[in-house]
Amino acid sequence: MLEKYKILKDYAGPSQLKYMSYEELKELAQEVRDYIIQVTSKNGGHVGPGLGVVELTIALLRVFNPPQDVIVWDIGHQGYPWKILTDRKEEFQTLRQYKGIAGFLRREESPYDAFGAGHSSTSISAALGFRVAKDLKGEKEDYVLAVIGDGALTAGMAYEALNNAGHLRPNRFIVVLNDNEMSISPNVGAISTYLNKIISGHFVQETRQKVKKFLQHLGETPLRLMKLTEEFLKGIISPGIFFEELGFNYIGPIDGHDLEALETTLKNVKDIEGPVLVHVYTKKGKGYKPAEENPVKWHGVAPYKIESGEIIKKPSPPTWTSVFGKALVELAEQDEKIVAITPAMKEGSGLVEFAKRFPERFFDVGIAEQHACTFAAGLAAEGMRPVAAYYSTFLQRAYDQVIHDVALQNLPVTFAIDRAGLVGDDGPTHHGVFDLSYLRCVPNIVVCAPKDEQELRDLLYTGIYSGKPFALRYPRGAAYGVPTEGFNKIEIGTWEELLEGEDAVILAVGYPVYQALKAAEKLYKEGIKVGVVNARFVKPMDEKMLEEIAKRYDIFITVEDNVIMGGFGSGVLEFFAKKGIMKRVVNLGVPDKFIEHGKQDILRKLVGIDAESIEKTVKEELLRRRFV
């Protein structure tokens, strides 16, 4: 694939960038964009963010010297050009594929990836840690930078880091705010870019420091007057007064696609004392018309046709996400107390239609998972019926709020937890394999998972009207195509026996239920009779049924799309231990390690929760019993 590119095919690494002309760099930038489009059209991925930061990436690599100079990218959505232009040009074709390179930045993948980035708003905190560590080690000449998007600045952690950095006032510490027109500032023209060159230039900065030192000898009043005048003028010509108040030298905004302006600015700010924030304006999806016109859609996409931008879809049942979104709309039509909250995941959580139909009852709070949870708790305390829609891994960031603000006060917040289990191509930072474990140990909360679409609807209905903290988790991707109609209340804590057997019983929760049924069907054809139970409630468990079936079976196989440690299977073992029930229990689920990226079916087979693996485990246990 690289043979088609004039410059990129022979590109040998960051040092080469420093000797290239601007004309060559512009051509290289276009080739990098085209390469990203070619690869993501086949593999899927985060298209828009990477296309928007090509020039910024080139400028950073020309002005600074990573990995000695540390550059921390926030999230990693915008890291594709970084991967290509550092040391993974060839490997980029394996993006997001099993055993290929990751879709996010990973320390073990390259020395240029200073810090792993899968969730947003961590870059400034991590970069400040690098800066302080380098200072303590005497490496004061190195630079440390954090590149963070405007969307990530909606998270409280970013402001905590800015506040701390403003207090410490480290030198050679630069925050690059990549504003891609999604939330903060208006378009930036040539005048703003020109003003920025002046503001960041040596003359202005040196004059500023000289005047400041001179006025210090005249007393506090002239110095305060200078500061007020400076802040007033900056407030007129730039939006940087807020960052200045936090202790940063604010530079910007500048055109993030003007390579010469970027390079000039970055060179100039290298000599400014104290922490610096450089505000860069970029176009998300730059260079690919479909991505420029719809940056939300093209933030992350499945494989697509380059010519039209049409997503390549195989015929499949509705997704679990869409089933949830449709059900919530239907329920909200009947009940004005139902409100929906999401931390910046309206599209991903299936709430687009809800937001259109009930805008006054829909709240996207930005990348603020903690706030979303406590906000929902407040709504519940005042008699509303809040449904807080999270990705499983994002709910981890609100864990304290789940415990203290919802569960401890026994407030009826329904958590709709999407992307539970192994999510596939996004890998270990996004696998939702911990929620059963981290929620099961929390008092008052109900934890459940549906086996199919109708049960998702029924459990959602049950949760909203349960009067309890209620967590409903479901996987990413296509569901099973089960017809749906209406809503039925399910008694909390009840399981259902789907298939009776004699030789062993499979207790499955959520996605693996149908896999267990498929395995049992094959085993029945071989004369092995295996029971299957839909253990839809992980907390509280159906202890009555569990005790009853313990009288009928000696071998129990538990299956969950969750880590084994502390999960559903652990709960079964705990119950048997409490009751003194001696049975052979085999737990299938995610082992005690982080699982790589890859297609969901590959990963499910890898950890042994697909139908074939379940069938194999049953046979192994029956064979084992013969020789015990």
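Is it the case that residue 608 is within 25 Å of residue 473 (Cα to Cα) and in contact (Cβ under 8 Å) with a residue 60 or more places away in the chain?
no
Do we find that residue 618 is crowded, with 20+ Cβ neighbours inside 10 Å and closer than 24 Å to residue 455 by Cα in this structure?
Considered against the rule, which asks whether it is crowded, with 20+ Cβ neighbours inside 10 Å and closer than 24 Å to residue 455 by Cα, residue 618 comes out as no.
I'd like to verify a number: residues in the range 495-515 that are closer than 16 Å to residue 588 by Cβ and either assigned to a loop (DSSP other than H, G, I, E, B) or within 30 Å of the chain's Cα centre (by Cα) (or both), how many?
8
From 199, 184, grab the single residue that is part of a helix (DSSP H, G or I) and either closer than 14 Å to residue 250 by Cβ or modelled with pLDDT under 90 (or both).
199
Does the range 448-485 hold any residues that are assigned to a helix (DSSP H, G or I), under 23 Å from residue 507 (Cβ atoms) and hydroxyl-bearing (Ser, Thr, Tyr), and which are they?
Listed by number, the list holds a single entry, 462.
Could you tell me whether residue 393 is closer than 28 Å to residue 108 by Cα, among the polar types (S, T, N, Q) and within 22 Å of the chain's Cα centre (by Cα)? It would help to see each step written out before you state the result.
Numbers: closer than 28 Å to residue 108 by Cα: yes; among the polar types (S, T, N, Q): yes; within 22 Å of the chain's Cα centre (by Cα): yes.
Spelling it out, residue 393 is indeed closer than 28 Å to residue 108 by Cα, among the polar types (S, T, N, Q) and within 22 Å of the chain's Cα centre (by Cα).
Does the range 571-628 hold any residues that are basic (Lys, Arg) and in a loop (DSSP other than H, G, I, E, B), and which are they?
583, 593, 599
Looking only at the range 542-552, decide whether some residue is out of contact with any strand residue (DSSP E or B) (no Cβ under 9 Å at 6 or more places or on another chain), farther than 25 Å from residue 491 by Cβ and modelled with pLDDT of 95 or more.
No: the range 542-552 contains no residue that is out of contact with any strand residue (DSSP E or B) (no Cβ under 9 Å at 6 or more places or on another chain), farther than 25 Å from residue 491 by Cβ and modelled with pLDDT of 95 or more.
Step by step: first the residues of the range 306-350, then only those that are under 23 Å from residue 420 (Cα atoms) and in contact with a Ser or Thr (Cβ under 6 Å, 6 or more places away or on another chain), then the one that is surrounded by the fewest Cβ atoms within 10 Å (Cβ to Cβ). Which residue is that?
Result: 350.
Within the range 255-277, how many residues turn out to be in a helix (DSSP H, G or I) and within 17 Å of residue 141 (Cβ to Cβ)?
Total meeting the criteria: 3.
Which residues, counting only those in the range 592-604, are closer than 24 Å to residue 570 by Cα and either loosely packed, with under 15 Cβ neighbours inside 10 Å or among the aromatic types (Phe, Trp, Tyr) (or both)?
Scanning the range 592-604 gives 592, 593, 594.
Please indicate, with yes or no, whether at least one residue in the range 265-288 is closer than 28 Å to residue 478 by Cα, touching a residue at least 60 places away in the same chain (Cβ under 8 Å), crowded, with 18+ Cβ neighbours inside 10 Å and in contact with a Leu (Cβ under 7 Å, 6 or more places away or on another chain).
Within the range 265-288 (the criterion being closer than 28 Å to residue 478 by Cα, touching a residue at least 60 places away in the same chain (Cβ under 8 Å), crowded, with 18+ Cβ neighbours inside 10 Å and in contact with a Leu (Cβ under 7 Å, 6 or more places away or on another chain)), the answer is yes, since at least one residue qualifies.
Take residue 368 and decide whether it is buried (at least 20 other Cβ atoms within 10 Å of the Cβ) and either out of contact with any His (no Cβ under 7 Å at 6 or more places or on another chain) or not assigned by TED's automatic domain parsing to the domain that holds residue 561 (or both).
Yes, satisfied.
Collect the residues in the range 528-570 that are in a helix (DSSP H, G or I) and among the basic types (Lys, Arg), keeping them in residue-number order.
First, pick out the residues of the range 528-570 that are in a helix (DSSP H, G or I): 543-549, 568-570.
If the condition is that a residue be in a helix (DSSP H, G or I) and among the basic types (Lys, Arg), then 544 is the only one that fits.
The values are calculated or read from the model by the stated rules, or taken from the named source; none is laboratory data. Predicted model, so just to flag it, every value in this text is computed and none were measured. Every residue, glycine among them, receives a Cβ derived from its backbone with ideal geometry; neighbour counts consider all protein chains shown.
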